[in-house]
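Visitor: Take a look at this one; I'll ask things after.
Quick note: the coordinates plus some simple rules give every number you see, no bench work behind them. Bear in mind the structure is a predicted one, so any value in this text is a computation, not a measurement. Glycine also receives a Cβ, built like all others from the backbone with ideal geometry; neighbour counts cover every protein chain displayed.
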Amino acid sequence: DAGVIQSPRHEVTEMGQEVTLRCKPISGHDYLFWYRQTMMRGLELLIYFNNNVPIDDSGMPEDRFSAKMPNASFSTLKIQPSEPRDSAVYFCASSLGGVYYGYTFGSGTRLTVV
Amino acid sequence: GQQLNQSPQSMFIQEGEDVSMNCTSSSIFNTWLWYKQDPGEGPVLLIALYKAGELTSNGRLTAQFGITRKDSFLNISASIPSDVGIYFCAGRITGGGNKLTFGTGTQLKVEL
């Protein structure tokens, strides 16, 4: 299995532009998670899906952030408009359900908003 | 949101030394996991624990699920240069479904 695949690996964009991050989870995993990592706040859960349905989006910072999972093999995290404080590494992770499974993380997308 | 408190925040040790780190929470957890993150990569699962008091090993790594269910410990024996990285604890709160809460991380640096 190729693992969780994220694209792009790096993104540099100007303030005010729309940014779309993409994720392909491991086939068969029914949970998908979006995390943001910064030095100040560590790993923060933004939103997670179960069977393509958003379950908890309480970590989404504000209305500028939105996430979708149109099917079991693809998810997007969109920021519109982007701001410099959105600069961070964004991770996607997937897992099977139940307490006996850990998450498998992708390699992340490093976002820089200038 | 809630974060787990990890200590120490960073460690600088000599190659061959043993390493200990721990994670504490005010909530009761039903699962404890330990991850390692290398630079430029996502966290990778090292060890998973499912029962209070459980002690589990993975090579030179040993982790324990605290009896109170509010803490966990990770030990690395005879550290080597490739142990360098950030170690995160993570846990599932009882009744919290499949959501993992991550610790603040312990940065490990190994001196040759």
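Visitor: Please specify each residue of the stretch A:96-114 satisfying the condition of being within 14 Å of chain B (Cβ to nearest Cβ), more than 14 Å from the chain's Cα centre (by Cα) and not in a loop (DSSP other than H, G, I, E, B).
Guide: The answer is none; no residue qualifies.
Visitor: Considering only strands (runs of 3 or more DSSP E) fully contained in the stretch B:34-112, which possess at least 2 residues that are more than 10 Å from every other protein chain (Cβ to nearest Cβ) and either out of contact with any helix residue (DSSP H, G or I) (no Cβ under 6 Å at 6 or more places or on another chain) or free of Cβ contacts under 8 Å to residues at least 60 places away in the same chain (or both)?
Guide: Result: B:55-58, B:61-65, B:71-76, B:85-93, B:106-111.
Visitor: Every residue in the stretch A:20-78 that is assigned to a loop (DSSP other than H, G, I, E, B), within 11 Å of chain B (Cβ to nearest Cβ) and among the small types (Gly, Ala, Ser), please.
Guide: A:SER58, A:GLY59
Visitor: On the basis of being closer than 18 Å to A:GLU11 by Cβ, buried (at least 16 other Cβ atoms within 10 Å of the Cβ) and of a type in the set (Phe, Trp, Tyr), does A:TYR101 make the cut?
Guide: no
Visitor: Let me ask something else. Sort through A:LEU21, A:LEU32, A:LEU43, A:LEU77 and tell me the only one that's in contact with a Pro (Cβ under 7 Å, 6 or more places away or on another chain), of a type in the set (A, V, I, L, M, F, W, C) and closer than 26 Å to B:GLY105 by Cα.
Guide: A:LEU32
Visitor: I'd like the full set of residues that are loosely packed, with under 15 Cβ neighbours inside 10 Å and charged (D, E, K, R), limited to the stretch A:79-98.
Guide: The answer is A:GLU83, A:ARG85.
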